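Q: Supplied in structure tokens, the structure appears directly below.
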Amino acid sequence: MAVAGGIVESTKTSADIEPFARFAIDEHNKKANTALEFVKVVSTKEQVVQGNMYYITLEVNEGGETKTYEAKVWVKPWEDFKELQEFKLV
């Protein structure tokens, strides 16, 4: 269970996090005009804020190469709100 304000390892499954990871890639692709493709979720941490902040380490296919990125996605499910806060190469 997440602790308010603290960043902890997520207890959610990769299947629960995958939609947020795919969202992060889609948003990054739009902003950076790239064509990254989702491969898998490596790990996830979460923080309870006004909603949840997910810190997702994920693998993508970039031009035939597998690369690891970190995405920070803010989610407020009761408002149907998702926002990509950060997306960077590890």
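Q: Could you sort 62-74, 15-27 so that the peptide with the highest average Cβ count within 10 Å comes first and the rest follow in order?
A: For the peptides 62-74, 15-27, the packing ranking is 15-27, 62-74.
Q: Going by alpha carbons, how many degrees (0 to 90, nearest 10) lie between the helix axis of 14-32 and the longest principal axis of the chain?
A: Between helix and principal axis, roughly 60 degrees.
Q: Here is a further query. Apply the Debye scattering formula to the chain, with a single equal point scatterer on each alpha-carbon and no solvent, then give log10 I(q)/I(0) at q = 0.17, 0.20 Å⁻¹.
A: -0.66, -0.90
Q: Straight-line reach from residue 45: which lysines have Cα under 18 Å away, leaving out those fewer than 8 places along the same chain?
A: Hits, sequence-local ones excluded: 12, 72, 76, 82, 88.
A short reminder: the numbers here are calculations on the coordinates, not readings from a lab. This structure is a prediction, so every number in the text was calculated from the model and none was measured. In this analysis, Cβ positions are derived from the backbone assuming ideal geometry, glycine residues included, and neighbour counts consider all displayed protein chains.
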